[in-house]
Amino acid sequence: MYTVSSSPHIKSNDSVQGIMRDVIIALIPATFAGIYFFGMKAFLVTLVSVLSCIAAEALWQKFTHRKVTIGDLSAVVTGLLIAFNLPAAVPLWLPAIGGFFAIIIVKQFFGGIGQNIMNPALAARAFLLASWPVHMTNFTIDGVSSATALAILKTGEGQLPTLMNVFIGNVGGCIGETSVLALLIGAAYLLYKKVISWHTPVAYIGSVFILTLILGRGGFMNADALYEICAGGLMLGAFFMATDYSTSPMTKKGQLIFGVGCGLLTTIIRLYGGYAEGVSYSILIMSLFVPFIDKFTAPRIFGEVK
């Protein structure tokens, strides 16, 4: 009648491969949008990024005599997200270096999938931006160099794109971050499949909206908060990076705290820092606090007596 076994006692049919497949499907609309707006160079950057991540994982696991796990598709997801964080104009050796850095340094050095302390794609972006800032800030649209909407807001120089162009993605920026429409389609799929929950994205986007509305770029309550949340990489970060299983809190309360923290840091960096965008660094910084958030938001053990 009874089966004695070790925990966990509640199991599901979900697998790493299945979850990663759903994430890849969710990233397809933004991938096509990036190729449409930035051309075949965006496709080549994405291809090199994905292949370099797969090769890095396979080579490292062969070298260390471990089971090769490229079939779980996590390296493909990392490659796509690295490409999404790169301008289309970067030389092709840049995503290759980013892929090897993300997989070997950030992921495999810490023990592989589930053991990394920060998102590999975001860590790769930070590394590439610090090492080759000129390449990483050379944004183009229709083959012509163009400042991002956030950079124009920051400096006040240039023609600000319309909200509609920002929403559909016809603006300068990284390959996968510009089309809010495509990212929302992918996010809706992930929410429908219950791969992610709403807690972190809503807390993140909502806090940026409220804080930007209150603080404003030109003073108190002097900002177009809707434009601010559509511009830059906020949607990409909120739905596809801040929800990373390995580097985000386990509890719903913790996810809300994590999202608000990311939103606060993003707003501070955007409004008061020297960098126009703050999504990547905000998520990386908050990832370091995840163990503390999990510790203080852990549910009470059933039957526990203080």
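Per-residue answers, yes or no, for (1) under 30 Å from Ala42 (Cα atoms); (2) free of Cβ contacts under 8 Å to residues at least 60 places away in the same chain:
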{"site": "Ile185", "(1), (2)": "yes, no"}
{"site": "Tyr192", "(1), (2)": "yes, yes"}
{"site": "Ile210", "(1), (2)": "no, yes"}
{"site": "Arg217", "(1), (2)": "no, no"}
{"site": "Ala238", "(1), (2)": "yes, yes"}
{"site": "Phe258", "(1), (2)": "no, yes"}
{"site": "Gly263", "(1), (2)": "yes, no"}
{"site": "Ile268", "(1), (2)": "no, yes"}
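Which condition does Gly172 not pass, out of (1) over 16 Å from Asn85 (Cα atoms); (2) at pLDDT 85 or above, if it passes all the others? That leaves (1) as the condition not met. For segment 151-171, residues that are of a type outside the set (A, V, I, L, M), crowded, with 17+ Cβ neighbours inside 10 Å and free of Cβ contacts under 8 Å to residues at least 40 places away in the same chain total 1.
The helices (runs of 4 or more DSSP H) located wholly in segment 212-278 that include 2 or more residues which are under 19 Å from Phe167 (Cα atoms) and small (Gly, Ala, Ser) occupy 234-240.
State whether the residues of segment 215-222 include one that is closer than 29 Å to Arg21 by Cβ, among the basic types (Lys, Arg) and surrounded by fewer than 20 Cβ atoms within 10 Å (Cβ to Cβ). Checked segment 215-222: no residue is closer than 29 Å to Arg21 by Cβ, among the basic types (Lys, Arg) and surrounded by fewer than 20 Cβ atoms within 10 Å (Cβ to Cβ). Taking the criterion of being at pLDDT 95 or above and under 17 Å from Ala75 (Cα atoms), would at least one residue in segment 4-17 satisfy it? Within segment 4-17, not a single residue is at pLDDT 95 or above and under 17 Å from Ala75 (Cα atoms). Taken together, the residues in segment 58-99 that are charged (D, E, K, R) and modelled with pLDDT of 95 or more amount to 0. Does segment 240-270 hold any residues that are surrounded by 24 or more Cβ atoms within 10 Å (Cβ to Cβ) and of a type in the set (A, V, I, L, M, F, W, C), and which are they? Selection gives Phe240, Met241, Ala242, Phe258, Cys262.
The values are calculated or read from the model by the stated rules, or taken from the named source; none is laboratory data. This structure is a prediction, so every number in the text was calculated from the model and none was measured. Using ideal geometry, Cβ is built from the backbone for each residue, glycine included, and neighbour counts are taken over all protein chains shown.
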